[in-house]
Amino acid sequence: MPQSLTKILLHIVFSTKHRADVIAPEIEPNLHAYLGGICRELDSPLLAVNGTPNHVHMLVNLGRTVSVSELLLNVKRDSSKWMKTKSSSYSDFHWQDGYGAFSISESAVPKLQNYIANQKERHTAMTFENELRALCQKYGVGLDERYAWS
C-alpha cells in the first residue's frame, strides 16, 4: 500500500493537579481553543472539548505519526505554559500527571460529543472521581485508586 491511512478516535480526559478548581469561566474558551491549536499542530484534530474548573474532556482524531503519550505530553505541557502567561493567578497552574485515553468507534462520536458538551450539567450531580470510575468501567480499564488521585 503506497500510503498510510488511519482513523483513531480517542476520548481523552485529564484533570488539574489535585483536581483544583482553577480553570475559570473567563479563561476556559481560550484554553479550549489553545488545546485545539496544539492538537492541530500534531495533525490530530480536536473534534470536541469541554470540561469543568478541574478537568477537561477531548475528542481527538489521533494523527498517524503521533502516539497518545506524545500528544498528551505536548497538550499538557504547552497549555500549562500558556496558562501561566495569562495571569499571575495561574502562575502555579499544573495538570495532573496522568490521563485517560479511550478509543471509540465512529458510530459513538455523536453520543460522545453530546457527553462532552454537557460536562458542566453532569457535574452538578457527579464528581470527577466518580466520572472517571464510570469511564474506566465502561471502557474496561482497570483503575488503581492508590495512584489515581495523587
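Coordinate-derived values only; no laboratory data. Values in this document were obtained by computation on a predicted structure and should not be read as measured data. Here the Cβ positions follow ideal geometry from the backbone for every residue, glycine too, while neighbour counts run over all protein chains shown.
Observations on the structure shown:
- For the chain, a Gaussian network of Cα nodes joined below 10 Å ranks G98, G140, G37 by mean-square fluctuation, and the top entry is G140.
- Charge dipole (debye, nearest 20) of segment 38-150; +1 at Cβ of Lys and Arg, -1 at Cβ of Asp and Glu: 200
- Listed by Cβ neighbour count within 10 Å, with the fewest neighbours leading, E28, E129, E121 appear as E121, E129, E28.
- Labels on offer are (1) 15.2, 52; (2) 15.0, 46; (3) 17.9, 57, and the one holding Rg and Dmax of the Cα atoms in Å computed from this structure is (1).
- Available extension along the chain between A24 and T124 is 34.4 nm, counting 0.36 nm per residue and deducting the alpha carbon span.
- Order of I38, I8 under a 10 Å beta carbon neighbour criterion, fewest first: I8, I38
- Taking L143, L132 and counting other C-beta atoms within 10 Å, the order from fewest to most: L143, L132
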